[in-house]
Amino acid sequence: MPLRYSKVFSKTNTKVMMAISWIMPLLLCSILYVYYDCGLIYEDSIYAFVWVPSDECKFISWDICFRKDVCIVSVIAIADITTIIKVHITNTQIQKNGQRNTDQRRKKEINFLKQAVLQGIVFAFELYTYFILAWHFQDKWIIFALTSVTWTCTHSSDALIIIALNSEFRKLVTVAKRSFRVDNYSSQPRGKTFQILEDTRSNRSNQERY
């Protein structure tokens with residue numbers, strides 16, 4: 001994908017993909033969760049959210065949600081593997097031709113590829129633990145860890161992966177920390193020595209006026 005980014009994500013294609021990304025979830029959620037009234041309920045005995053126990057919800061949770069997500073992750077994995085191969089071939093050609101001006105751009109594209117691969121792996125692991133592995137156990141704490149905790153950690157890790165593999169975001173976090181320290185220092189009460197210096201400066205400025 002990074003090799004043809006400008007063509008795939010043109011302005012027209014991006015607007016179409018944005019419209020689809022909004023329309024499809026709204027339509028799917030309206031059918032599944034409103035028309036069929038199939039949602040998640042909290043089960044106290046296992047400390048986890050489960051689907052409403054009905055034939056329709058069982059079909060929706062397993063055949064539509066789980067298998068759909070597995071297909072999406074599989075397509076992303078195939079695209080990532082193809083891109084890795086193309087990036088390796090391109091880097092080999094660049095090194096042979098002695099081109100060095102695109103090294104920085106190539107590093108950014110590789111970092112973006114690493115980000116997509118890691119996010120796909122984490123999401124696939126969460127699907128496996130939530131839909132398959134958790135229900136092989138009877139202990140409620142293990143089920144809680146493999147469902148609710150894993151689901152929360154998976155969605156939290158997206159932001160951590162983005163920050164870890166993008167220097168721009170790391171710089172923003174560092175700047176935010178520095179600005180917080182400066183604001184915190186300026187809001188603290190000033191010492192006696194600092195107050196004496198300020199009084200001295202004000203007296204000098206008044207003497208110069210007269």
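Every read-out reported here was derived from the displayed coordinates using simple, explicitly stated rules and does not represent laboratory data. This is a predicted model, so every value here is computed, not measured. So basically every Cβ, Gly included, is an ideal-geometry build from the backbone, and we count neighbours across all protein chains shown.
Points to keep in mind about this one:
- Intensity falloff of the range 11-152 expressed as log10 I(q)/I(0), Debye formula with alpha-carbon point scatterers, at q = 0.09, 0.10, 0.14 Å⁻¹: -0.45, -0.54, -0.86
- Taking label points 7 Å from Cα along the Cα-to-Cβ direction, VAL52 and LEU40 give a separation of 1.6 nm.
- Over 29 Å apart at the Cα level, from the set LYS11/LYS108; LYS7/LYS114; LYS114/LYS140; LYS15/LYS58; LYS58/LYS86, are LYS114/LYS140; LYS15/LYS58; LYS58/LYS86.
- Sorted peptide list for 24-30, 153-159, criterion being average Cβ within 10 angstrom, highest first: 153-159, 24-30
- Each other residue within a Cβ distance under 11 Å of TYR36 adds +1 if Lys or Arg and -1 if Asp or Glu, for a net charge of -3.
- Calculated FRET value between SER10 and ALA164, using beta carbons and R₀ = 30 Å, to 0.05: 0.55
- Order of LYS114, LYS171 under a 10 Å beta carbon neighbour criterion, fewest first: LYS171, LYS114
- Computed P(r) (all Cα pairs; the range 1-60; 10 Å bins; percent): 19, 28, 21, 19, 11, 0
- Length released on extending from ALA79 to CYS29, taking residue separation times 0.36 nm less the Cα-Cα span: 15.3 nm
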